[in-house]
Amino acid sequence: EPEVTQTPSHQVTQMGQEVILRCVPISNHLYFYWYRQILGQKVEFLVSFYNNEISEKSEIFDDQFSVERPDGSNFTLKIRSTKLEDSAMYFCASSDRGVTDTQYFGPGTRLTVL
Amino acid sequence: AQTVTQSQPEMSVQEAETVTLSCTYDTSESNYYLFWYKQPPSRQMILVIRQEAYKQQNATENRFSVNFQKAAKSFSLKISDSQLGDTAMYFCAFRTSGTYKYIFGTGTRLKVLA
C-alpha cells in the first residue's frame with residue numbers, strides 16, 4: 001500500500017539556522033499538508049497546499065515558514081531561522097481530493113533546535 | 001473554538017477483550033467529519049475509521065466500530081477482540097466541511113496485554 005515518506009527521521013540544528021524538511025506524498029495525491037506536534041501537546045495544523053499554492057494556513061505558519069513542491073514528487077517545509085520553540089515532530093500528509101477526503105500521514109521528522 | 005477532547009490518556013485491555021476509547025468534540029458547525037487514527041510505536045498515523053456527521057449509521061471497519069452521538073458531540077471507538085497489534089496511540093480528529101484543517105485530541109495510549 002502506498003505511503004507518505006519523510007526525511008530525515010531526526011534533524012538536529014542550531015538556533016537561527018535554516019532547515020528543510022522533506023516529504024514524498026502518495027504519488028497520485030494532489031493535496032499536501034504539514035502538521036506539527038510539540039512534545040506533550042496536540043498535533044496542530046500548519047498549512048495545506050494545492051496546485052502550487054497555499055490553500056489554508058494556521059496562525060502558527062508565519063513568515064518563518066514556507067512550503068514548496070520543487071518537483072513532481074517532493075513536498076518541503078522550510079523554516080528560515082529556527083527557534084527553540086520550533087522543536088517538535090513535523091508530520092506531512094497528503095490526500096487525493098480536498099476537503100472531503102481523508103489525509104494520509106507520514107512517519108514524521110523530529111526536529112530538535114539547540 | 002473548535003476542540004477535541006480525549007479524556008483517557010492511557011488504557012489497557014486484555015487480549016481478546018473489548019475496549020472503548022472516548023472522544024468528545026465541540027463545534028457549532030453542522031457538517032463535519034470525524035476520524036480515529038492509530039499510531040503504533042515509531043510508525044506513522046494510519047486511519048482506523050471515519051464518520052461523516054450527516055450519516056446517522058455508525059461506521060464499522062472489521063473489529064473497529066464507533067458510537068457517534070451527534071447531539072452529545074461524542075465519538076467513541078470500540079475495539080472488539082483486541083489484538084497485541086492494536087497496541088498504539090489512538091488519536092481522535094475532526095474536520096469541518098470546507099476546511100482542510102484537522103483538529104486533533106491529545107491521544108489515548110492503548111496497551112493490549114497478553
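We did not get these values from a lab; they are worked out from the coordinates using the rules stated. Only a predicted model underlies this, so the values are computations on that prediction, with no experimental measurement involved. Reconstructed Cβ throughout: ideal geometry from the backbone, glycine too, with neighbour counts over all protein chains shown.
Packing-wise, with mean Cβ within 10 Å as the measure, how do A:52-58, B:43-49, A:22-28 rank, highest first?
Ranking the peptides A:52-58, B:43-49, A:22-28 by packing returns B:43-49, A:22-28, A:52-58.
Too long at a 29 Å Cα-Cα cut-off: which of B:55/B:78; A:78/B:111; A:83/B:78; A:83/B:70; B:38/B:101; A:57/B:111? Display every interim value, and only then the final one.
On the way: B:55/B:78 18 Å; A:78/B:111 36 Å; A:83/B:78 41 Å; A:83/B:70 41 Å; B:38/B:101 18 Å; A:57/B:111 35 Å.
From the list (B:55/B:78; A:78/B:111; A:83/B:78; A:83/B:70; B:38/B:101; A:57/B:111), the Cα-Cα distance tops 29 Å for A:78/B:111; A:83/B:78; A:83/B:70; A:57/B:111.
Explain nothing, just compute: Karplus ³J(HN,Hα) = 6.51 cos²θ - 1.76 cosθ + 1.60, θ = phi - 60°, for every residue of region B:98-110 in order, whole Hz, x for Gly and Pro.
Working through the residues one at a time gives x, 10, 8, 6, 7, 10, 9, x, 7, x, 10, 8, 9 Hz.
Please work out the Kirkwood hydrodynamic radius for the protein assembly as shown, using every pair of different C-alpha atoms, and report it in angstroms with one decimal place.
18.2 Å
Taking the Cα centroid of region B:82-114 and of region A:33-60, what is the distance between the two, rounded to the nearest whole Å?
Taking the Cα centre of each part, region B:82-114 and region A:33-60 sit 18 Å apart.
Over chain B, with a Gaussian network built from C-alpha contacts below 10 Å, which listed residue (B:16, B:59, B:71) shows the highest mean-square fluctuation?
For chain B, modelled as a Gaussian network with Cα springs under 10 Å, the answer is B:71.
For chain B, what D do you get in µm² per second when you plug the Kirkwood radius from alpha-carbon pairs into Stokes-Einstein at 4 °C and 1.567 mPa s?
Using the Kirkwood radius from Cα pairs, D works out to 92 µm²/s.
In peptide B:99-110, what is the residue-averaged number of other protein chain Cβ atoms found within 10 Å of each Cβ?
Values: counts 6, 17, 11, 9, 4, 7, 2, 5, 3, 0, 0, 0.
Counting other chains' Cβ atoms within 10 Å and averaging over B:99-110 gives 5.
Using θ = phi - 60° and the Karplus relation 6.51 cos²θ - 1.76 cosθ + 1.60, list the HN-Hα couplings for region A:77-90 in order, rounded to whole Hz, with x at every Gly or Pro.
The phi angles translate into 10, 10, 10, 6, 9, 5, 10, 4, 6, 7, 4, 5, 8, 10 Hz.
Using label points projected 7 Å from each Cα along Cα→Cβ, tell me how many nm separate residue A:112 and residue B:11, to one decimal.
It works out to 3.3 nm between the two label points.
Normalised by the number of residues in chain B, what is the relative contact order in percent for Cα pairs under 8 Å and 6+ residues apart? Could the numbers behind the result be given before it?
Details: 280 pairs, mean separation 42.9, N = 114.
Here the relative contact order equals 38 percent.
For chain A, I need the span (max minus min coordinate) of the C-alpha atoms along each principal axis, in Å, sorted largest to smallest.
Ordered largest first, chain A gives principal extents of 37, 29, 28 Å.
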